[in-house]
Amino acid sequence: FRPAKGMNLLWFSFVWVLAFAHTRLECPRPRSGKTGAKTGPCDAPDDPALPAHQLHPGLNTIMWLESIPHPGAPGRLALSLDGVDEGFEDCILLDHIPHDEAEKSPSMVDATTWHRSSITVWIPDVACERCHLQLITVMSDNFHQLPENQTCAYKYAQEKGLANATLPTCAAVYHSCAPVTIDGKTPRSELKCSLAANEAELEWPFSQTKQAHRVPSEYYFKGDPGLYVGKRLASGGSPLAGCGDPFYCDPQLYYNKVVDVEATAPFASLAGSCATGLDAPVLAYAAVPATGSDASPSPAPVESPGTTKAGPASAGARTWACSSIPPLLWACGVAILMARPP
């Protein structure tokens, strides 16, 4: 795509917005406050001064924040080997975590408005002094070079031979890692991770055995929409279709529910120290004290405030970018005027 003459400034603003999207862990506390780390497997080098967050074998609630939403974009959680940024692909804890389609645009420059979601994962009986919990989120839409009705695969899984090498590599994947300590029995180097076993413990309905397009580390076009209530997953839908907006697809128009989450589902339960912060206000990364204790290191948000919702693709994207980024407000206004037909 090449912007028309007179729209270059607008296009620059729009791309600038996307360059700094999208998601990071909130609890456990991640290595950095970045939400736009495309170069994996983590968002920043490990800082030994950042305490590892205590997790326990069994159910643990994990929270993350989204600074810019993208419809149908799935999440994946994985665990590294002890002390290194390796082993993620061999130890996926949960994949195809649905995206909250009820989310409207937060303000990227105001971290207190970022949108919180949560899921509860199963941590195996593993001993980790300093492993790293990795969250990846995949932009599975045509704006990020994935054509409609197509599937892409995660680069690092392809390199390990754990995803279809003939599929195009997902062009935009965001990474966030948090140091964790786990007080189980099996050393991480000896652990044989099993995604299927984790899914069984959680009674996870969004697996390949339940829905064919949900292959681990492979992602179908806008294939993982969901709806969250109280920051907890309430339902999952079929792949989104017919919505061209890269930021928001109104669930009343585009969401087709296929799974209702039972209130007793383990993955929707609250467990562990992070769960205590689910209803606390969202804080900017620098405002959260670093702690390795069982006290939640990062209490996070109330629902994102009702900032301007992205509407139809082009106009909505312009409105969103301008309303969310004050330094570009004047530039966007000029660009919009320049883009108007004579």
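Scanning region 208-227 for residues that are within 23 Å of L79 (Cα to Cα), hydroxyl-bearing (S, T, Y), part of a loop (DSSP other than H, G, I, E, B) and at pLDDT below 95 turns up at least one hit. Checked against (1) of a type outside the set (A, V, I, L, M, F, W, C); (2) farther than 23 Å from K210 by Cα; (3) open to solvent by 10 Å² or more (accessible area, probe 1.4 Å); (4) in contact with a Pro (Cβ under 7 Å, 6 or more places away or on another chain), H99 meets all criteria but (2).
Checked against (1) of a type outside the set (A, V, I, L, M, F, W, C); (2) closer than 20 Å to P216 by Cα; (3) outside any strand (DSSP E or B); (4) touching a strand residue (DSSP E or B) at 6+ places or on another chain (Cβ under 8 Å), T166 meets all criteria but (4). Filtering region 60-118 to residues that are touching a residue at least 60 places away in the same chain (Cβ under 8 Å) and at positive phi leaves G72, G87, H96.
Scanning region 214-249 for residues that are under 21 Å from L162 (Cβ atoms) and open to solvent by 50 Å² or more (accessible area, probe 1.4 Å) turns up just one, Y220.
Can you tell me which residue is least open to solvent (accessible area, probe 1.4 Å) among those in region 132-162 that are part of a helix (DSSP H, G or I) and in contact with a Cys (Cβ under 9 Å, 6 or more places away or on another chain)?
Once the filter is applied, the top-ranked residue is H144.
Given region 235-342, what helices (runs of 4 or more DSSP H) lie entirely inside it while holding 3 or more residues that are over 22 Å from R29 (Cβ atoms) and at pLDDT 95 or above? Step through it out loud before you land on a result.
On the way: elements: 251-254, 313-324, 329-339.
Result: 251-254.
Across region 55-78, the qualifying residues are those that are out of contact with any helix residue (DSSP H, G or I) (no Cβ under 7 Å at 6 or more places or on another chain) and open to solvent by 20 Å² or more (accessible area, probe 1.4 Å), and the one among them that is nearest to M139 (Cα to Cα) is W64.
The values are calculated or read from the model by the stated rules, or taken from the named source; none is laboratory data. Treat the numbers as computed from the prediction; the structure is a model and nothing was measured. Heads up, the Cβs are rebuilt from the backbone with ideal geometry, glycines too, and the neighbour counts pull from every protein chain shown. For the accessible areas, the whole protein counts, side chains as well, though only heavy atoms, and no ligand, DNA or RNA atoms are used. Shrake-Rupley method; radii C 1.70, N 1.55, O 1.52, S 1.80 Å.
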